[in-house]
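As structure tokens, the structure follows; a few thoughts come after it.
The values are calculated or read from the model by the stated rules, or taken from the named source; none is laboratory data. Just so it is clear, the model here is predicted, and its values are computed rather than measured. Methodologically, a virtual Cβ is constructed for each residue, glycine included, from the backbone with ideal geometry; neighbour enumeration extends over all protein chains shown. All accessible areas refer to the heavy atoms of the entire protein, side chains included, with ligands and DNA or RNA removed. Shrake-Rupley method; radii C 1.70, N 1.55, O 1.52, S 1.80 Å.
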Amino acid sequence: MLLAVLLAVSTLGTGACRNTAPVTDTTGAQVQTGRPTEVRAEDFDPKPESPAALNVSGQKAYQNLKDFVALGPRPIGSQGHVQAEQFILGHLDGAQIEQDQFPARTAAGPFPMDNIIAKFPGKKDGIIVLAGHYDTNLPLKNTAFVGANDGGSNVGLMLEIASELRRHPPEGYSIWLLFTDGEEATVAWSDADSVYGSKHLASQWARDGTASTIKTLILLDMIGDKDLDIDHDMNSTPWLLDVVYRAAQRTGQQSHFFARKNAIEDDHLPFRAVGIPVADIIDLDYGIDNVYHHTTQDTPDKCSAASLQIVGDVVMETIRALNMR
């Protein structure tokens, strides 16, 4: 009876970022990425004389979050979604913009979708992608659900990173900021009803050869939680998670990372499937027993500038490390 109840709850699914049961080992959790398996995280540790990581402001990222969610709900097919696209594009001056617009066939019918890519060219051959979705949950479209943490937090931080990259163009690999569309389920979370934008773009990048030029993809999702506790995602590339953790140690933020193991289904999986090393930076326990996730309680007051600062510092230190090779 208990198992049946748990299975029923897991399929009620107005969900993004669905995870499996917590796991304790990695057997079978990681697919072959097509990249060298002997990569050692310590080989990416920056030399003492290397330039410092780019500074970002958690306070500015939090203000971006508040301004973004003030638009209201932004499910696919809504006017709010159009306004969300315009908001993001309006904050990306100085970047090379590409829009991957396509009609998606979803479980709830056809919808137009738009992946937004802001490109900041670097001086080394290769690309580091920072990604995160911007849509809100379609089944909650008739509520006041604004997704402050779920979709708003990563947008807030990514726009702050874009602002800094305008002032300080990458010295190493190019950095692309990818705002994915259609991450949320349209009816109930499943492999077929989720991550529509990422599936479309990953397939396109595999066909045109872009995937082979991408060094890593770091996904940001639900990173604004005041009580920040980033999951150790067993569906991410192990060596890349190790690089992230060493970056967290160097910035003194390791206590916020990887205490809890999960195998998480999210926007990173389609990119992993085409051979790109991926890391999902996500705190999937939002409020006590995840009480705020996919509810109208997911509001800016449940998030904090401090959490966005922590994630921003670790991500920028991770990028610094990745540029060592």
Exercise. Tell me, which helices (runs of 4 or more DSSP H) wholly within the stretch 1-120 include 3 or more residues that are at pLDDT below 95?
Worked result: 2-10
For this session: For the stretch 71-83, indicate whether the set of residues that are open to solvent by less than 60 Å² (accessible area, probe 1.4 Å) and either among the aromatic types (F, W, Y) or closer than 30 Å to E317 by Cβ (or both) is non-empty.
Result: no
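From the list T180, T216, T186, exactly one residue is within 18 Å of G126 (Cα to Cα), open to solvent by less than 40 Å² (accessible area, probe 1.4 Å), touching a residue at least 12 places away in the same chain (Cβ under 8 Å) and among the hydroxyl-bearing types (S, T, Y). Which is it?
T216
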Problem set entry | Meets criteria (under 26 Å from L71 (Cβ atoms), in contact with a Cys (Cβ under 6 Å, 6 or more places away or on another chain) and of a type outside the set (S, T, Y)) for D301 | no
Seminar exercise, completed: Among (1) part of a loop (DSSP other than H, G, I, E, B); (2) farther than 15 Å from H294 by Cα, N142 falls short only on (2)
For this session: Any residue in the stretch 86-107 that's under 17 Å from A131 (Cβ atoms): show its pairings with residues that are among the small types (G, A, S) and assigned to a strand (DSSP E or B) at Cβ separation under 7 Å, as long as the two are six or more apart or on different chains.
Result: L92/A118; A95/A118; I97/A118
Problem set entry | Some residue of the stretch 160-171 being free of Cβ contacts under 8 Å to residues at least 40 places away in the same chain and under 20 Å from I281 (Cα atoms) | no
For this session: Using the structure shown, decide if K199 is of a type outside the set (A, V, I, L, M, F, W, C), touching a Gly at 6+ places or on another chain (Cβ under 7 Å) and either crowded, with 24+ Cβ neighbours inside 10 Å or in contact (Cβ under 8 Å) with a residue 24 or more places away in the chain (or both).
Result: no
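Scanning the stretch 285-312 for residues that are open to solvent by 50 Å² or more (accessible area, probe 1.4 Å) and within 16 Å of the chain's Cα centre (by Cα), which turns out farthest from G147 (Cα to Cα)?
Across the stretch 285-312, the extreme among qualifying residues is Q309.
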